[in-house]
1. Given the conditions (1) outside any helix (DSSP H, G or I); (2) open to solvent by 30 Å² or more (accessible area, probe 1.4 Å); (3) among the aliphatic types (A, V, I, L, M); (4) over 27 Å from Ala68 (Cβ atoms), and given that Ala209 satisfies all but one, which numbered condition is not satisfied?
2. Using beta carbons and a limit of 9 Å, which pairs, at least six apart or on different chains, have the first residue in the stretch 193-213 and without any contact (Cβ under 8 Å) to a residue 40 or more places away in the chain and the second one acidic (Asp, Glu) and open to solvent by less than 70 Å² (accessible area, probe 1.4 Å)?
3. Any residue in the stretch 301-322 that's of a type in the set (Asp, Glu): show its pairings with residues that are assigned to a helix (DSSP H, G or I) at Cβ separation under 9 Å, as long as the two are six or more apart or on different chains.
4. Is it the case that some residue within the stretch 170-191 is at pLDDT below 90, more than 22 Å from the chain's Cα centre (by Cα) and either surrounded by 15 or more Cβ atoms within 10 Å (Cβ to Cβ) or farther than 21 Å from Val31 by Cα (or both)?
5. Just one of (1) over 30 Å from Thr11 (Cβ atoms); (2) open to solvent by less than 30 Å² (accessible area, probe 1.4 Å); (3) in contact with a Leu (Cβ under 8 Å, 6 or more places away or on another chain) trips up Thr255, so point out which.
6. Here's a check for you: in the stretch 38-75, which residue that is under 25 Å from Ser187 (Cβ atoms), assigned to a loop (DSSP other than H, G, I, E, B) and not hydrophobic (A, V, I, L, M, F, W, C) is modelled with the highest pLDDT?
Amino acid sequence: MSAPTPETVTTSDSARDSLEALRTEIGKAVVGQDPAVTGLVVALLCRGHVLLEGVPGVAKTLLVRALASALELDTKRVQFTPDLMPADITGSLVYDSRTAEFSFQPGPVFTHLLIADEINRTPPKTQSSLLEAMEERQVTVDGQPRPLPEPFLVAATQNPVEYEGTYPLPEAQLDRFLLKLTVPLPSREDEISVLTRHAAGFDPRDLKAAGVRPVAGPAELEAARQAVAKVAVSPEIAGYVVDICRATRDSPSLTLGVSPRGATALLSTARAWAWLTGRDYVTPDDVKALALPTLRHRVQLRPEAEMEGVTSDSVINSILAHVPVPR
């Protein structure tokens, strides 16, 4: 392998610096959610999608809007409800009486960052309308495929405590999300900071007034993706990822373990994290750092284990503690 040119190194380093600056910009609008910010950046680098889980009022939507503003990307929000139809998301053919022809009216999915708010409140038929967009990055209407903008990321939210009247996402759709990020309640200090900002006139609907400015864009994202693709993965690390995923399939607490697609996802997110932290090779610590958000939604607990208070996170943490780490 030939050595990288100085220009390539500069481009890669510049892209990393720009993405690191996102934390500062998003911090002007959202307090204390650095792990979720990192997860969203990792998903963009891996061309994946994110499921954000948290109680109402923890700034899930504001987080994505701030990210879009700091990256100078378009964003649209769809409130998922029981009466939402697939065409309300993807778009539809509309008859134009002036030309006597049907023309395509794009839906909100034609954007860079789509906020799918409370995705589990809409029926499976409408949920599935996102599958083609998430996997193929296109929408097919009347037999004609229509490509989506690049970059494209779905950031779906769901409430972890209120399940009445909801439609749980099927395993096939959960598996399409690269990461499942939990957005916790803020600490006391962070909550005081939130109130102080609001008392000083902060308006979450006006991010420009809050000082959030673009620090990166599609060019930096593309340069970063090219750099991530060059991050080295040793056979030992690949074996470590496989051993972790295979251990989930043998766990007595799980009815469903991680699929090979999940193993591929874990390797991808570990490479992105390694690059973000300034390395061109993956370590076991990179794999461990991304194991929970990458795998927690790809496993299914046995009912008896769930009744005993076992969680997906605790099972994965136990597996990480027992799977031999390569030296």
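1. The failed condition is (4).
2. As it stands, the answer is Ala209/Asp203, since those pairs meet every condition given.
3. Correct list of pairs: Asp313/Leu292.
4. No: zero hits.
5. With respect to (1) over 30 Å from Thr11 (Cβ atoms); (2) open to solvent by less than 30 Å² (accessible area, probe 1.4 Å); (3) in contact with a Leu (Cβ under 8 Å, 6 or more places away or on another chain), Thr255 is out only on (2).
6. Gly54
Yes/no per residue for (1) open to solvent by less than 50 Å² (accessible area, probe 1.4 Å); (2) not in a helix (DSSP H, G or I):
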| position | (1), (2) |
| --- | --- |
| Asp243 | no, no |
| Thr264 | no, no |
| Ser268 | yes, no |
| Arg279 | no, yes |
| Asp286 | yes, no |
| Ala291 | yes, no |
| Thr294 | yes, no |
| His297 | yes, yes |
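For every residue, the table says whether it meets (1) assigned to a loop (DSSP other than H, G, I, E, B); (2) farther than 16 Å from Met85 by Cα; (3) modelled with pLDDT of 85 or more; (4) among the charged types (D, E, K, R).
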| residue | (1), (2), (3), (4) |
| --- | --- |
| Glu135 | no, yes, yes, yes |
| Val139 | no, no, yes, no |
| Pro145 | no, yes, yes, no |
| Pro149 | yes, yes, yes, no |
| Val154 | no, yes, yes, no |
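The values are calculated or read from the model by the stated rules, or taken from the named source; none is laboratory data. Note that the structure is predicted; figures quoted are calculated from it, not measured. Glycine gets a Cβ as well: all are built from the backbone with ideal geometry, and neighbour counts include every protein chain shown. Surface accessibility is based on the protein's heavy atoms, side chains included, excluding ligands, DNA and RNA. Shrake-Rupley method; radii C 1.70, N 1.55, O 1.52, S 1.80 Å.
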